[in-house]
Each structure stands twice: as structure tokens, then as C-alpha cells.
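Colleague: Below is a structure I'd like to ask you about.
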Amino acid sequence: NLAFRNPYNQTQLAFWGAPARVLDTMRARPKDHTVTAHGCTALRNLAMGHQENAAALRGLGAKQVLMAATWNFTGDFQVQHWAKAALALVPKPEATLLGLIASELKSELQESEEEEEGTSTKE
């Protein structure tokens with residue numbers, strides 16, 4: 001694979017849309033063993049040691065595609081191995097303090113707007 005341990009190629013492949021194309025192909029052909037096995041390997045190689053690509057995979061929904069691969073090929077060692085290897089590199093969303101505060105403020109704003117709508121309809 002062109003991306004394996006090659007930061008320059010990882011960056012170039014991401015620039016030209018390889019992660020999205022791999023995921024789109026895997027979504028279009030979820031029961032195709034060859035597409036799934038090679039897709040999982042390619043995603044792992046794109047993300048390995050490349051934080052930007054790993055973060056991009058999260059944003060592109062790679063977790064769902066890789067989980068589907070493990071479900072569709074439960075008895076296949078190759079798919080299980082590469083899908084799990086790729087999943088391990090996809091970062092999990094962080095619950096930062098700032099994110100929690102923003103979420104709380106959004107909820108309060110929505111509640112406030114709902115209360116205002118309720119009082120304006122009664123008048």
C-alpha cells in the first residue's frame with residue numbers, strides 16, 4: 001500500500017480524497033470481501049502515524065463503516081484484524097470541559113427559547 005509508513009504519501013493520498021473514496025466504496029459494496037479487506041487495510045495505513053488522516057477518518061464516518069465490516073465478516077480473520085487495527089487509530093470524540101460547557105449553554109438557550117415561544121402564544 002502506498003500509504004504504509006510514508007507520511008508524504010499519506011498526506012498526498014488524503015489531499016486527493018483517498019480516505020473518502022475508500023469509505024464510499026466500502027459503503028457501496030459492504031458484502032464484497034475483497035473491497036472490505038483491502039479497504040480496511042488501506043484505512044489503517046492512511047491513519048497509522050498520521051493524526052490528521054486519523055481525525056479525518058472520524059469525520060468521514062469511518063468508525064461505522066469499519067464496525068459494519070466486522071459484523072459482515074465475523075468469521076474472517078483478515079477483515080477482523082485490519083478493521084480492528086484501523087478502528088484503533090480512529091480517535092474517539094473528546095469530552096473536553098469547553099465542549100461540555102458549550103453543550104450545557106446550548107441546552108439552556110433552547111429551553112429559554114421554548115419558554116419564550118410558550119408565553120408569546122398565550123398572549
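Colleague: R0 = 35 Å: FRET efficiency of T11 with Q78, Cβ-based, nearest 0.05?
Modeller: Calculated transfer efficiency: 0.80.
Colleague: Still on this structure, please answer the following. Which whole-number percentage describes the relative contact order of region 13-56, with Cα contacts under 8 Å and a sequence gap of 6 or more?
Modeller: Once normalised by length, the contact order is 34 percent.
Colleague: How much accessible area per residue does the chain have, counting only protein heavy atoms and a probe of 1.4 Å, in square angstrom?
Modeller: 68
Colleague: Ratio to report: Rg/Rh of region 1-55, with Cα atoms as the point set and Rh obtained by the Kirkwood method; give two decimals.
Modeller: So for region 1-55, dividing Rg by the Kirkwood Rh gives 0.97.
Colleague: Also, I was wondering about something else. Given a cut-off of under 8 Å on Cα pairs at least six residues apart, what relative contact order in percent is computed for the chain?
Modeller: It comes to 23 percent, rounded to a whole number.
Colleague: Now a separate question. Quantify, in whole percent, the carbon and sulfur part of the accessible surface of region 2-115 (1.4 Å probe; protein heavy atoms only).
Modeller: 60
Colleague: Of the listed peptides 110-116, 31-37, 71-77, 61-67, what is their order by residue-averaged count of other C-beta atoms within 10 Å, with the highest listed first?
Modeller: Those peptides, ordered most packed to least, come out 61-67, 31-37, 71-77, 110-116.
Colleague: When only Cα pairs under 8 Å and 6 or more residues apart are kept, what is the percent relative contact order across region 53-94?
Modeller: 50
Colleague: For an R0 of 25 angstrom, estimate the FRET efficiency from the Cβ-Cβ distance between E52 and D32 and round to the nearest 0.05.
Modeller: Result of the calculation: an efficiency of 0.30.
Colleague: Taking only DSSP H segments of four or more residues, each worth -39500 (n - 2.57), what value at 222 nm results for the chain once the sum is divided by all its residues, to the nearest 500 deg cm²/dmol?
Modeller: -24500 deg cm²/dmol
Colleague: So, in nm, how far is label E108 from label F4 when the simple model puts each one 7 Å beyond its Cα toward the Cβ?
Modeller: Reported label-point gap for E108 and F4 is 5.4 nm.
Colleague: Another question about this same structure. So what's Rg/Rh here for region 7-105, counting alpha carbon atoms and using the Kirkwood radius for Rh?
Modeller: Using Cα coordinates only, the ratio equals 1.04.
Colleague: Report the net charge of residues surrounding A14, where surrounding means a beta-carbon distance below 11 angstrom and charges are Lys +1, Arg +1, Asp -1, Glu -1.
Modeller: Here the count lands on 0.
The values are calculated or read from the model by the stated rules, or taken from the named source; none is laboratory data. Please read these numbers as outputs of a predicted model, since none were measured by experiment. FYI the Cβ positions are ideal-geometry reconstructions off the backbone, even for glycines, and counts take in every protein chain you see. Protein only, heavy atoms only, side chains kept; ligands, DNA and RNA dropped before computing areas. Shrake-Rupley method; radii C 1.70, N 1.55, O 1.52, S 1.80 Å.
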